[in-house]
Amino acid sequence: MKSLKNREFEEVYKSGKKFYSSFFTLFFLSSQVFKYGLVVSKKHGSSVCRNKIKRRLKVIIGKIESKLLAPCFIVIIPKRGVASLNFEELVEKFINTAKRAKIIH
């Protein structure tokens, strides 16, 4: 499980597909390997809150990596309200979003 580099972020934003849901915005692009990127802005609150969101999303990404339909670069941008969800709800919302985006089965 690796993080995207800056040029890969740009590539995903420019050439990738976008998917919007009530809690996440996903950008994804087919590739040879799986890499991810997280963008958690200051509108989510303090650094403690932002880091908590990032830690939770990293755990979820680790869980879904084996369920991917194909290797891809994925950028996850959580929306407001994600911090108020407990972990089980966050997992459920993310998996539902990823299934609707046809990233996982």
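I'm trying to understand the selection: among the residues of region 1-49, which are basic (Lys, Arg) and part of a loop (DSSP other than H, G, I, E, B)?
Within region 1-49, the first condition is being basic (Lys, Arg), and the residues that meet it are 2, 5, 7, 14, 17-18, 35, 42-43.
Of everything in region 1-49, just one residue is basic (Lys, Arg) and part of a loop (DSSP other than H, G, I, E, B), namely Lys5.
So in region 40-59, with the set limited to residues that are touching a residue at least 12 places away in the same chain (Cβ under 8 Å) and crowded, with 18+ Cβ neighbours inside 10 Å, which one is farthest from Lys14 (Cα to Cα)? Among residues in region 40-59 that are touching a residue at least 12 places away in the same chain (Cβ under 8 Å) and crowded, with 18+ Cβ neighbours inside 10 Å, the one farthest from Lys14 (Cα to Cα) is Arg56.
Note on region 17-70: among residues that are touching an Asp or Glu at 6+ places or on another chain (Cβ under 8 Å) and among the hydrophobic types (A, V, I, L, M, F, W, C), the one that is farthest from Lys2 (Cα to Cα) is Leu29. When residues in region 70-105 are screened for being in contact with a helix residue (DSSP H, G or I) (Cβ under 7 Å, 6 or more places away or on another chain), surrounded by 19 or more Cβ atoms within 10 Å (Cβ to Cβ) and either of a type outside the set (Phe, Trp, Tyr) or without any contact (Cβ under 8 Å) to a residue 40 or more places away in the chain (or both), 6 of them pass.
Restricting to region 20-35, give me the number of residues that are out of contact with any Pro (no Cβ under 7 Å at 6 or more places or on another chain) and buried (at least 17 other Cβ atoms within 10 Å of the Cβ).
We begin by selecting, within region 20-35, every residue out of contact with any Pro (no Cβ under 7 Å at 6 or more places or on another chain); these are 20-22, 25-30, 35.
Filter once more, keeping what is buried (at least 17 other Cβ atoms within 10 Å of the Cβ): 26-29, 35.
The qualifying residues number 5.
All of (1) more than 17 Å from Leu90 (Cβ to Cβ); (2) in a helix (DSSP H, G or I); (3) under 12 Å from the mean Cα position of the chain (by Cα); (4) of a type in the set (A, V, I, L, M, F, W, C) hold for Ile53 with one exception: (1).
Every number here is computed from the coordinates shown, using simple stated rules; none is lab data. What you see is a predicted model; the values in this text were computed from it and never measured. Ideal geometry is used to build each Cβ from the backbone, glycine not excepted, and the neighbour counts take in all protein chains shown.
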